[in-house]
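Remarks on the structure that follows.
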Amino acid sequence: MPKLDRLALATKFVLALHDVSRRNPTSWRRISAIGARTGIKGADLEGVVADVVAAGLVEQRADDPCLIILTNRGWDLASSVGRYGESVLLLLIAHEIPDANPQGDHAQ
């Protein structure tokens, strides 16, 4: 998957998780429910989850890997959208996700 697509999907996923978690931020959410909410499926969903977990934005439950929750870092980034806009979140996530620096597409 192209790196910009990975970043856009990660941004969409984190924002959706933030949105559904606002009322009860300590509740674990099903990956499949966030995937359905965002339209992210299959291998793309698995990749997005791996990216946001590796970036430290989301924690995956050890005893049930189908469940996730935003980390403090994930909350901070998702909350910044109200102040700075979604494009800033996309840039911030680009620095958090391993091997997802969009400038890397042009570097040889």
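Full extension of the chain between Arg73 and Arg23 gives 16.2 nm of extra length, using 0.36 nm per residue less the Cα-Cα distance. Each of the peptides 41-48, 61-68, 8-15 was scored by the mean count of other Cβ atoms within 10 Å over its residues; in descending order, highest first, they stand as 8-15, 41-48, 61-68. Applied to segment 66-77, the Karplus parametrisation 6.51 cos²θ - 1.76 cosθ + 1.60 on θ = phi - 60° returns per-residue 3J(HN,Hα) values of 7, 10, 9, 8, 5, 7, 4, 4, x, 4, 4, 5 Hz, with x for Gly and Pro.
Computed from backbone phi, the HN-Hα couplings of segment 35-41 come to x, 5, 5, 9, x, 8, 9 Hz, rounded to whole numbers (Karplus: 6.51 cos²θ - 1.76 cosθ + 1.60, θ = phi - 60°; Gly and Pro given as x).
Only the coordinates and a few stated rules stand behind these numbers; no lab work does. If you're wondering where the values come from, they're calculated on a predicted model, not measured in any experiment. FYI the Cβ positions are ideal-geometry reconstructions off the backbone, even for glycines, and counts take in every protein chain you see.
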